[in-house]
Amino acid sequence: RKRSARFVLEYWMFSELLPDDVEQMERQRKLVRVEARARYGAALHGEPRDMQILERMLSDHVYAPEQRYELQSMGVCFGDALASSGQFHWVIIDDEYGRDPTLRWKETSLNVNALTVIAKRVERGEAG
């Protein structure tokens with residue numbers, strides 16, 4: 001009997017954000033900024049100190065697990081805080097899962113899907 005080998009081919013491509021991507025992410029930032037200001041009187045600036053506010057929002061269960069858009073919006077703000085170091089930058093990744101904004105480490109293939117990292121944490125019950 002012959003054995004057959006299965007190979008999984010990973011496919012991905014990075015590209016720059018399009019104007020529509022930038023507009024969508026800005027709408028998501030605004031949603032979280034408005035909530036942070038209303039609840040805590042705090043402003044988000046796309047800086048590392050934003051992490052404290054985002055963590056507080058998670059601890060307070062501001063968004064429920066089924067509020068995926070809102071949680072992904074928090075992911076945009078989380079990504080902005082990471083990108084402020086200058087080591088990561090927002091790009092689009094086209095891969096087997098679709099086309100999404102992601103944080104790319106310098107000019108390498110390493111990327112962080114900041115949009116879903118918070119949503120997945122909440123869905124697994126790890127927030128708070």
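The values are calculated or read from the model by the stated rules, or taken from the named source; none is laboratory data. Computed from a predicted structure; not experimentally measured. Cβ sites come from the backbone with ideal geometry, for glycine too, and all protein chains shown count toward neighbours.
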Quiz item: Only one of Glu96, Glu123, Glu35, Glu70 is under 23 Å from Asp21 (Cα atoms), among the charged types (D, E, K, R) and modelled with pLDDT under 95; which?
Solution: Glu96
Exercise. Report the residue count in the stretch 57-67 for those that are within 17 Å of Arg29 (Cβ to Cβ) and either among the hydroxyl-bearing types (Ser, Thr, Tyr) or exposed (fewer than 15 other Cβ atoms within 10 Å of the Cβ) (or both).
Key: 2
Practice problem: May I ask you to list the residues in the stretch 69-128 that are under 18 Å from His45 (Cβ atoms), of a type in the set (A, V, I, L, M, F, W, C) and in contact with a Lys or Arg (Cβ under 7 Å, 6 or more places away or on another chain)? | Solution: Val76, Cys77, Phe88
Quiz prompt | Meets criteria (modelled with pLDDT of 95 or more, in contact with a Cys (Cβ under 8 Å, 6 or more places away or on another chain) and within 18 Å of Thr102 (Cβ to Cβ)) for Arg29 | solution = yes
Quiz item: Residue check, Arg37 against (1) surrounded by fewer than 18 Cβ atoms within 10 Å (Cβ to Cβ); (2) of a type outside the set (A, V, I, L, M); (3) touching a helix residue (DSSP H, G or I) at 6+ places or on another chain (Cβ under 9 Å), all met but one. Which one?
Solution: (3)
Exercise. From the list Asp94, Asp100, pick out the single residue that is acidic (Asp, Glu), surrounded by 13 or more Cβ atoms within 10 Å (Cβ to Cβ) and without any contact (Cβ under 8 Å) to a residue 24 or more places away in the chain.
Key: Asp100
